[in-house]
Amino acid sequence: MPGLCLLDDESLDRFRAVGDPVVDQLVHEYLERSPGELGPLCRQLFSAPRLPKHSLVDAYLERLAGNAAPDAEGFTQGPELFDLYGPEVLLVLGSCALPLAYAAGNGVQVVARARRLKDDPIRRLCDTAQMVINVMQPGALAVGGVGWSSARKVRLIHALMRRLVQAEPGCPWDPAWGTPINQEDQAGTLLTFSVGVLHGLRRMGATISAEQGDAYIRAWAAVGELLGVDDALRPETESDATALATRIGGRQIRKTPEGAELSRHLLASVDNLFRLPGYAASLSHFLLDDTAFGAKVADVLAIPPPNWTRWLVRARATQKRGALRLLEHVPGAKRRRSFVARHLVQQLLLLKRPDNHVPFEVPERLKVQWCVGAHR
């Protein structure tokens with residue numbers, strides 16, 4: 001997009017000092033009047049599937065009421081690609097996109113301090129996957145839609161988390177990390193969901209055209225608009241998204257104790273879902289060896305070397321790649337679900353909160369298409 005070429009290190013450094021001026025100011029004003037509400041409100045937002053009824057939420061939605069929903073024109077191919085490869089997208093999310101976020105040496109400091117992300121990585125995976133499912137539904141970004149509500153909720157959580165991580169007395173925030181959840185870090189996370197997922201899908205054998213890739217990037221640019229990401233940090237073509245991811249990765253990817261610890265917790269939890277020890281590490285190595293953000297990211301995160309299951313990961317990718325190549329023109333062939341990807345979705349569906357509410361919701365039409373839930 002115009003202006004993307006201007007994002008040199010100096011420009012990105014400036015973005016590291018910017019969070020979300022409009023919403024941050026609103027949160028500041030509210031907490032000045034009710035300073036004890038920060039922690040309870042964060043917990044309420046994390047636990048509620050939708051934006052809860054609350055005076056700050058009302059003021060927040062009113063403050064953003066003038067912000068029109070993203071232009072829905074052309075926002076069909078992105079959801080179509082997700083419909084087709086949804087289980088694989090969620091598999092890439094847990095084995096590639098989340099680890100990429102942990103590899104960002106500055107941005108990971110927020111994740112490490114928001115302890116619920118470290119203490120319950122599968123809940124983090126469920127919450128993130130749910131947001132992806134919500135925003136990738138047709139018409140979901142219209143005002144009041146499930147994707148619109150989900151993105152608005154995440155944006156408010158981000159503003160509260162900026163305050164929370166800087167207010168923790170026993171774990172001081174280093175200004176060298178930039179503003180918590182700053183614009184560069186938000187852009188990097190958005191890119192892990194868009195171009196990072198596209199790269200992962202292709203490594204798994206998915207056939208994605210340049211047109212489909214660009215449409216998926218535009219869909220996430222629309223989500224980024226709702227999340228408050230600056231226009232200059234929302235590329236609308238895959239080539240521009242790859243260029244920005246490479247630049248951000250070169251600036252931010254590095255070894256940290258926090259990144260290694262978070263990855264270790266995530267791998268252990270994903271292994272429990274697959275019930276095949278070492279498969280999560282092998283899959284992460286396969287997907288992280290070559291990314292838009294840099295190479296050998298698995299080594300940055302100190303992910304253990306792959307065991308014998310690496311041959312299983314490669315065999316499944318080869319099998320899928322060959323099948324798609326041979327069956328490209330057979331109606332419905334692409335909808336044959338990968339067992340591993342389908343199994344991940346099935347396991348997430350079975351997880352429950354302590355209150356026995358299922359935290360992971362898949363629309364019925366996608367359950368049918370992906371062959372999960374009651375439609376297995």
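If we keep just the residues of the range 196-226 that are of a type in the set (V, I, T) and in a helix (DSSP H, G or I), which is nearest to the chain's Cα centre (by Cα)? Outline the logic, then answer.
Filtering the range 196-226 down to residues of a type in the set (V, I, T) leaves 197, 207-208, 217, 223.
Now drop any that are not in a helix (DSSP H, G or I), which leaves 197, 217, 223.
On the way: V197: 9, I217: 13, V223: 11 Å.
Restricting to residues being of a type in the set (V, I, T) and in a helix (DSSP H, G or I), the top hit is V197.
Considering each of S239, S263 in turn, give the residue that is without any contact (Cβ under 8 Å) to a residue 24 or more places away in the chain and in a helix (DSSP H, G or I).
Unique residue meeting the criteria: S239.
For the structure I just gave you, tell me whether T192 is among the polar types (S, T, N, Q) and surrounded by 24 or more Cβ atoms within 10 Å (Cβ to Cβ).
Here the answer is yes, as T192 does meet what is asked.
If you check G19 against the conditions, is it touching a Lys or Arg at 6+ places or on another chain (Cβ under 6 Å) and either at pLDDT below 90 or surrounded by 13 or more Cβ atoms within 10 Å (Cβ to Cβ) (or both)?
yes
Only residues that are in a helix (DSSP H, G or I) and either surrounded by 15 or more Cβ atoms within 10 Å (Cβ to Cβ) or at pLDDT 95 or above (or both): list them for the range 300-311, please.
Scanning the range 300-311 gives V300, T309, R310.
Could we say that A129 is closer than 20 Å to F46 by Cα and either of a type in the set (A, V, I, L, M, F, W, C) or in contact (Cβ under 8 Å) with a residue 60 or more places away in the chain (or both) here?
Judged against the criteria, A129 is a match.
Across the range 266-299, which residue is modelled with the highest pLDDT among those that are part of a loop (DSSP other than H, G, I, E, B) and either touching a Gly at 6+ places or on another chain (Cβ under 9 Å) or farther than 14 Å from V92 by Cβ (or both)? Walk me through how you get there before you give the answer.
So in the range 266-299, the residues part of a loop (DSSP other than H, G, I, E, B) come out as 275-278, 289, 292-293, 296.
After this cut, where a residue has to be either touching a Gly at 6+ places or on another chain (Cβ under 9 Å) or farther than 14 Å from V92 by Cβ (or both) as well, the list is 275-278, 292-293, 296.
Working: R275: 75, L276: 80, P277: 87, G278: 90, A292: 93, F293: 96, K296: 93.
Only one residue tops the list, namely F293.
Please state which one of A241, A245, A268 is surrounded by fewer than 24 Cβ atoms within 10 Å (Cβ to Cβ) and aliphatic (A, V, I, L, M).
A268
Residues that are under 16 Å from Y216 (Cβ atoms): which helices (runs of 4 or more DSSP H) entirely in the range 78-195 hold 3 or more of them?
Counting at least 3 such residues, we get 121-135, 183-193.
Kindly establish whether R124 is basic (K, R), buried (at least 20 other Cβ atoms within 10 Å of the Cβ), modelled with pLDDT under 85 and touching a helix residue (DSSP H, G or I) at 6+ places or on another chain (Cβ under 7 Å).
On the way: basic (K, R): yes; buried (at least 20 other Cβ atoms within 10 Å of the Cβ): yes; modelled with pLDDT under 85: yes; touching a helix residue (DSSP H, G or I) at 6+ places or on another chain (Cβ under 7 Å): yes.
Yes: the conditions hold for R124.
From P40, P49, which residue is assigned to a loop (DSSP other than H, G, I, E, B) and either within 24 Å of the chain's Cα centre (by Cα) or closer than 28 Å to V146 by Cα (or both)?
Matching residue, one of P40, P49: P49.
The values are calculated or read from the model by the stated rules, or taken from the named source; none is laboratory data. The structure presented is a predicted model; accordingly, all values stated were derived computationally and were not measured. Using ideal geometry, Cβ is built from the backbone for each residue, glycine included, and neighbour counts are taken over all protein chains shown.
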